[in-house]
Amino acid sequence: MNYRIRPLLLGEAEVPNVLDVFWSLSTDRGRSNVPILGFLIEGAPEGPIVVDCGMRDPKRAIEIHRLGPHSCAPEQALPAQLALHGVQPSDVKTLILTHLHYDHCGNCAQLPNARIIVQRSELMAAAAPMGPAALPIGGKSLFYDRADVAELVDPLWDRLDLIEGDCEPFPGIACVLYDNSHTPGHQCVYVETEKGTAAIVGDIARKVDLNIHQAIPPGIYYDLEKMRRALADIARRADIVLPTHDWDTLVHGKIG
Ligand SMILES: [Zn+2]
């Protein structure tokens with residue numbers, strides 16, 4: 001099965017570069033403008049698949065998560081990005097969420113016919129985030145947004161497909177759980193393409209060379225040993241690695 005992948009540019013954010021390196025052990029004190037990406041996967045007989053769907057509202061990123069400037073231009077809205085590929089929001093039959101941080105699951109309701117595949121452990125973590133409640137960055141919910149959780153457990157509940165561990169929702173598309181990596185229930189999506197296996201890795205890797213090739217974990221993780229194993233597993237399985245917040249993904253992620 002050879003699927004086609006199209007990156008969707010769903011917004012932009014200014015973030016510190018130290019997020020790329022574990023424990024922020026980096027001399028780079030700069031900040032960068034990074035993309036917030038989702039992915040359209042075409043070629044399944046059941047219809048288009050979307051992986052991650054961007055943020056609910058750029059203002060919430062600043063107010064709730066206490067981060068730097070975020071933006072979503074009109075042409076970066078999810079329907080506009082899908083339209084570039086001739087896809088209507090109602091055409092999308094499956095939405096896979098790598099994890100439930102605010103910048104990955106804020107627009108689920110915009111896909112009215114999609115079943116939503118997410119790890120059960122991730123929904124639990126998002127509803128009751130662990131960790132300190134008073135960090136100056138991240139807010140009380142540590143990058144989860146209660147509006148997203150409320151939407152999933154109430155209006156969207158009947159469309160939720162809560163999985164536990166690995167699954168293959170379609171032949172040649174595999175969801176693989178890497179628990180306690182970037183988040184408690186983070187999953188990667190491996191997609192068979194004409195260029196080999198493409199790994200949509202969410203935020204487990206931020207930069208392919210640094211995090212995958214040099215095996216230096218990025219800054220946000222729950223269990224360092226599990227994060228290292230996740231990065232090694234991705235390196236072993238994937239021919240192409242597609243992080244969410246790297247501009248290179250816009251180029252390398254267009255496959256087929
Ligand atoms: Zn993210």
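Annotations
- Pairs meeting the criteria (first residue in the stretch 128-151 and free of Cβ contacts under 8 Å to residues at least 40 places away in the same chain, second residue of a type in the set (Lys, Arg), beta carbons under 7 Å, at least 6 apart or on different chains) are Ala133/Lys140.
- Within the stretch 91-130, the set of residues being charged (D, E, K, R), farther than 17 Å from Pro79 by Cα and crowded, with 20+ Cβ neighbours inside 10 Å comprises Glu122 only.
- Here His70, His65 are screened, and the one residue that is open to solvent by less than 10 Å² (accessible area, probe 1.4 Å) and within 15 Å of the ligand (Cβ to nearest atom) is His65.
- Test: residue in the stretch 42-62 that is in contact with a Phe, Trp or Tyr (Cβ under 6 Å, 6 or more places away or on another chain) and within 15 Å of the ligand (Cβ to nearest atom): yes
- Scanning the stretch 212-256 for residues that are within 20 Å of His101 (Cα to Cα), open to solvent by 40 Å² or more (accessible area, probe 1.4 Å), within 17 Å of the chain's Cα centre (by Cα) and modelled with pLDDT of 95 or more yields one hit, Trp247.
- Filter result (among the charged types (D, E, K, R) and under 14 Å from Gly185 (Cα atoms)) within the stretch 104-150: Arg120, Glu122
- Residue check for Tyr190: in a loop (DSSP other than H, G, I, E, B), of a type in the set (Phe, Trp, Tyr) and under 16 Å from the mean Cα position of the chain (by Cα): no
- Whichever residue in the stretch 75-90 is more than 16 Å from the ligand (Cβ to nearest atom) and buried (at least 16 other Cβ atoms within 10 Å of the Cβ) and, among such residues, is farthest from Ala44 (Cα to Cα): Ala77
- Qualifying positions in the stretch 194-211 - away from the ligand (no atom under 14 Å from the Cβ) and open to solvent by less than 10 Å² (accessible area, probe 1.4 Å): Ala198, Ala199
- Residues (within 16 Å of the ligand (Cβ to nearest atom) and open to solvent by 20 Å² or more (accessible area, probe 1.4 Å)) located in the stretch 143-166: Phe143
- Residues satisfying the stated conditions in the stretch 228-249, i.e. in a helix (DSSP H, G or I) and within 15 Å of the ligand (Cβ to nearest atom): Trp247, Thr249
- Test: Pro129 is more than 17 Å from the chain's Cα centre (by Cα) and within 16 Å of the ligand (Cβ to nearest atom): yes
- Taking each residue of the stretch 196-213 that is touching a residue at least 24 places away in the same chain (Cβ under 8 Å) and part of a strand (DSSP E or B) and looking for partners that are open to solvent by 10 Å² or more (accessible area, probe 1.4 Å) and within 16 Å of the ligand (Cβ to nearest atom) with beta-carbon atoms closer than 7 Å, six or more apart or interchain, yields Ala199/Val241.
- The stretch 178-193, subset out of contact with any helix residue (DSSP H, G or I) (no Cβ under 8 Å at 6 or more places or on another chain) and more than 16 Å from the ligand (Cβ to nearest atom), residue farthest from Arg229 (Cα to Cα): Thr193
The values are calculated or read from the model by the stated rules, or taken from the named source; none is laboratory data. Since we're looking at a predicted model, the values are computed, not measured. Virtual Cβ from ideal backbone geometry, glycine too; neighbours counted across all protein chains shown. These accessible areas exclude ligands, DNA and RNA; they are computed on the full protein's heavy atoms, side chains included. Shrake-Rupley method; radii C 1.70, N 1.55, O 1.52, S 1.80 Å.
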